[in-house]
Every structure is written in structure tokens, then in C-alpha cells.
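Single-structure report; data block below.
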Amino acid sequence: MQAAILPITSGWTWIQDGFKLFKRQPMAMFFWSLMTGFLITVSYLIPLFGQMALIAGTPILTFITLCACRHVAAGRPMLLTMWLEPLRDRETRRRLFGLGLAYLAFCMMGGFLATLPFMDSLMTAINPDGVLDERALLAAMRGPLITFGLLYVVISALFWHAPALIGWHKIRMRQALFFSMVACWRNKLPFLAYGASWAAIFFAVQMAGDFISAMGIAPGTVQILLTPVNIIVAAVLYCSFYPAYVSVFGANHPSDQ
């Protein structure tokens, strides 16, 4: 697999192309964004195991998203029966499930490596009486969070394109992780622009909510107004995954799934 090297402006182009995909079938992608948000909410209702299941299921959700975007780009309407079509093949399910377990293992290892050097400072947040000092804990968590953030950039690069490479091209996991890392490294500037652009978009939505609240509108009303906006923004984010993959690896899909 040969990854293209793109200019930095491609990062913003992916978002624009994602928005164009969303506009083609807004209700279908709105539905998928709503379902994904529902799964995320449910995962937080089940402490620890819910989050672990969500992380392990991320490659499967990503592959479903990419397949849906491919249908939308081809002009095919996304029907309810089509959403799970990518998982009908048993071998594809097995490979993606294995990728999800690997993703979970990498995230857990990243969390361990990020926390280990700061264990002493974390333990000082507990006073001799065994009472937790929340302020001290928050201060002590800065180091692990920053370290994990840096490690997660590497983890994300490893797994970013892997679901498509495994699901569509039937590439072995090790090769898919390698090709994904190389592709992300070759296009580090576009991905930097992509991440910065999305950070600015989410910040703008948050600022809009704060501005509406400052006008004296009840928090519940603000939440009602912003909920569909957040779902749409998330839908466009998911739609942008497909242009990012296609522009790097091309629109060739050896698999019909």
C-alpha cells in the first residue's frame, strides 16, 4: 500500500468534503451520529467495562462509518438494513474484533506508561488519614494526562487507517498498523491542520453555548438548542474520515463489503 503525501491544506479539505458527504444524506448520517452518541452514553453507565467495550469496538464502528460514507459517495441511499452489511463476513468481523482488542491493549498500556512515572505525586493526594484531596489529585493528574495525550497521538496514528486496510484490503493487522503509521507520518502536517481545525470548531460551538447562556437563557434550553448542533458536528466529523482515507490511499476497494 502506497500512501500519498498531501499538502497541509488537505486537513481542511477533508472537513469540507466530509460536510459535502453529510449534505448528500443528512438524515442517514445524523442517525448514525445519534446512535454512536447513544453507545458512548451507555458505555459510561457501565463503569470501567463499558469504556473498555467502547474502546474495543471503536475499529468496528469506524469501519461501519467508512462503509456508509462509501455508499453515500457512490450515490446509494443508506437504508437501515445496510448499516450492518460490512460485518456480515465472518473473517472481517474476526479481524476487526482482533484489531479492537489490540487497540484496547495499546490504550491500557499507554495509560499505564503515562501514570507510572507520576505515582508518587498521585499518592500524595491521599493524606495520612486516607482522605482524598481532590485539588491535589487534579494537580497531580496533569502530568499523566499530558503524557497519555502524547502517547495517544502515536496510538491514533497506528490505528487511524487500520480498520479500512483490514476490512477492505484484507491486510494482516501488523501490516495495517505499519501502513497506517507511515501514512500518518507522511501526512503529519495535514493531520495537524485537521486536528487543529476540529478543535477550533468544537471550541466555537462551546463558545456559542456560553454566549447563549450569557444572554440569560435557561441552561436546559441551551442544552436543547445545542444537542442537534453537536450531533450534526459529530456526523460531519465521522463523514470526514472517508475523504481522509481516500485522499491518502485512493478510492480502490478490493472488497465488495
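The values are calculated or read from the model by the stated rules, or taken from the named source; none is laboratory data. Fair warning: this is a prediction, and the values are worked out from it, not measured in the lab. With ideal geometry, Cβ positions are generated from the backbone for all residues, glycine too; neighbour counts draw on all protein chains shown. Ligands, DNA and RNA are stripped out before the accessible areas are found, and what is left, the full protein with its side chains, is counted by its heavy atoms. Shrake-Rupley method; radii C 1.70, N 1.55, O 1.52, S 1.80 Å.
Some notes on this structure:
- Considering residues of segment 1-25 that are open to solvent by 100 Å² or more (accessible area, probe 1.4 Å) and modelled with pLDDT of 95 or more only, the residue farthest from Pro77 (Cα to Cα): Trp12
- Filtered by the rule that a residue be part of a helix (DSSP H, G or I) and open to solvent by 60 Å² or more (accessible area, probe 1.4 Å), segment 201-223 gives Phe202, Phe203, Gln206, Met207, Asp210, Phe211, Ala214, Pro219, Thr221, Gln223.
- Yes/no for Ala193 being open to solvent by less than 60 Å² (accessible area, probe 1.4 Å), closer than 18 Å to Thr58 by Cα and aliphatic (A, V, I, L, M): no
- Filter pass, Ala28 being open to solvent by less than 40 Å² (accessible area, probe 1.4 Å) and either small (Gly, Ala, Ser) or more than 21 Å from the chain's Cα centre (by Cα) (or both): yes
- Among the candidates Ile166, Ile171, residue that is part of a loop (DSSP other than H, G, I, E, B) and either closer than 30 Å to Gly250 by Cβ or of a type in the set (Val, Ile, Thr) (or both): Ile171
- Any chance Ala164 is within 25 Å of Ala28 (Cα to Cα), surrounded by 12 or more Cβ atoms within 10 Å (Cβ to Cβ) and modelled with pLDDT of 95 or more: yes
- Segment 60-101, subset open to solvent by 20 Å² or more (accessible area, probe 1.4 Å) and of a type in the set (Gly, Ala, Ser), residue nearest to Val154 (Cα to Cα): Gly98
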